[in-house]
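> One structure, pasted below without further comment.
The values are calculated or read from the model by the stated rules, or taken from the named source; none is laboratory data. Just so you know, these numbers come straight off a predicted model, no measurement behind them. Every residue, glycine as well, gets a Cβ built from its backbone with ideal geometry; the counts of neighbours run over all protein chains shown. The accessibility values were calculated without ligands, DNA or RNA, using every heavy atom of the protein model including side chains. Shrake-Rupley method; radii C 1.70, N 1.55, O 1.52, S 1.80 Å.
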Amino acid sequence: MKKAIKTVGWCLLALFVIYTFFFLWKQSQPAPVVYELVKPVKRDIVKKIVATGELEARNQVELKPQVNGIVTDILVKPGEAVKIGDVVAVVKVIPDMSALNQTQGELNASTLDFEQKQREFDRTESLYKKGVISREEYEQSKTLLDIAREKVNTAKSQIEVITKGASSRSGSVNTTKIVSTMDGIVLAVPVKEGTAVSATSMFSEGSTVVKIANMQDVIFKGKIDETEVAKLSVGMNMTLVLGAMQNEKISATLEYVSPEAVSSNGAKMFEIHASVHIPAGLNILNGYSVNANIELEKASQALSIDETAVEIDNGKTYVYKLTSPVEDTEDQTFERMAIEAGISDGIHIEVKDGITENMMLRGIKK
């Protein structure tokens, strides 16, 4: 009995050792490589490039005062429509004391000169009437008097401009009122009532009081990398996707490609502009961020496959056709085939020749 039990024990041990070796051998064997299968499909392939940028009004102006002063009234607010000639703000003049003192001095000096020329003219006129002097001397004296009078009037006008913002000689011109120079929408009013503003001059850009734009004429402004710019030409169609309205697709036409690059984060970028065709009823705001899809080529309902199924070797394109049963995932076999590839959208690639719709092709490893 003991001998039988001992024999059974040795048999079980032997079986355990054999199983252990078999298990270890099985684990050491490489797992079969299984590939996903790709079937050719007819679809539209569009080769495109993407540019980022924003929408802005083609025509926009910044209204600035013609005199230094303080804003006393703001008559518009952002979003409000205005027309040419509408008064948008009023500025109270702050006299420049240095200029005022200088001009006052010029007025005093020109007044004294005028009075002197008046006395001289009175004497000359009296002598001319008596026939003592010639007509030429008389006219010279009168001309000098007229010049002196003009200097006085000019100095007075200067003082009016400094203290009031306009002179009586300028007629209806009023420099204290800021008026719109175009029809459009008020984009921004960067100042408040009581804010001191400076006039535009050759030494200063001046303070912006109101910004106005015509939002009926909008353009796309973006930048594109130097590796893509050579593919562009004026007149190309574009599709704009707005960051604020992802479901809206707006058409546009490329109208400008900058001839000069600018550096941006170490890359050379070219500015592009496109005229935007805004659908009726769509409210566009200035500054919307946009992704612009620029169509380079298109193949409609072309036989295509995933790019993962394509292999490029020495400039030629190949695919691997499944030659084993589809159900046999343990021992897949494939045949290498050359194909003629067309355009690609980065995900799918057009196949012009070399495959049929009913083929199964090798994709990526599972």
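> So is residue 121 out of contact with any Ser or Thr (no Cβ under 6 Å at 6 or more places or on another chain), modelled with pLDDT of 75 or more and either hydrophobic (A, V, I, L, M, F, W, C) or outside any helix (DSSP H, G or I) (or both) or not?
So residue 121 does not fit the description; no.
> Going by the structure shown, is residue 272 assigned to a strand (DSSP E or B), among the aliphatic types (A, V, I, L, M) and open to solvent by 60 Å² or more (accessible area, probe 1.4 Å)?
no
> Just the residues that are under 14 Å from residue 34 (Cα atoms), among the β-branched types (Val, Ile, Thr) and surrounded by fewer than 13 Cβ atoms within 10 Å (Cβ to Cβ), please, taken from the range 324-358.
If the condition is that a residue be under 14 Å from residue 34 (Cα atoms), among the β-branched types (Val, Ile, Thr) and surrounded by fewer than 13 Cβ atoms within 10 Å (Cβ to Cβ), then 326, 333 are the ones that fit.
> Right, another one. Looking at 294, 284, 355, 349, which one is β-branched (Val, Ile, Thr), part of a loop (DSSP other than H, G, I, E, B), within 25 Å of residue 239 (Cα to Cα) and in contact (Cβ under 8 Å) with a residue 40 or more places away in the chain?
That would be 284, the only listed residue that is β-branched (Val, Ile, Thr), part of a loop (DSSP other than H, G, I, E, B), within 25 Å of residue 239 (Cα to Cα) and in contact (Cβ under 8 Å) with a residue 40 or more places away in the chain.
Every residue, every condition in (1) touching a His at 6+ places or on another chain (Cβ under 7 Å); (2) over 25 Å from residue 186 (Cα atoms); (3) open to solvent by less than 40 Å² (accessible area, probe 1.4 Å), yes or no:
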residue: 215; (1), (2), (3): no, no, yes
residue: 227; (1), (2), (3): no, yes, no
residue: 230; (1), (2), (3): no, yes, no
residue: 244; (1), (2), (3): no, no, no
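> If I ask for residues that are touching a strand residue (DSSP E or B) at 6+ places or on another chain (Cβ under 9 Å) and surrounded by fewer than 17 Cβ atoms within 10 Å (Cβ to Cβ), which ones from the range 185-204 would you list?
Passing the criteria: 188, 190, 192, 193, 194, 195, 196, 198.
> Right, something else. Which members of the range 208-232 meet the condition of being at pLDDT 90 or above and over 18 Å from the mean Cα position of the chain (by Cα)?
208, 209, 210
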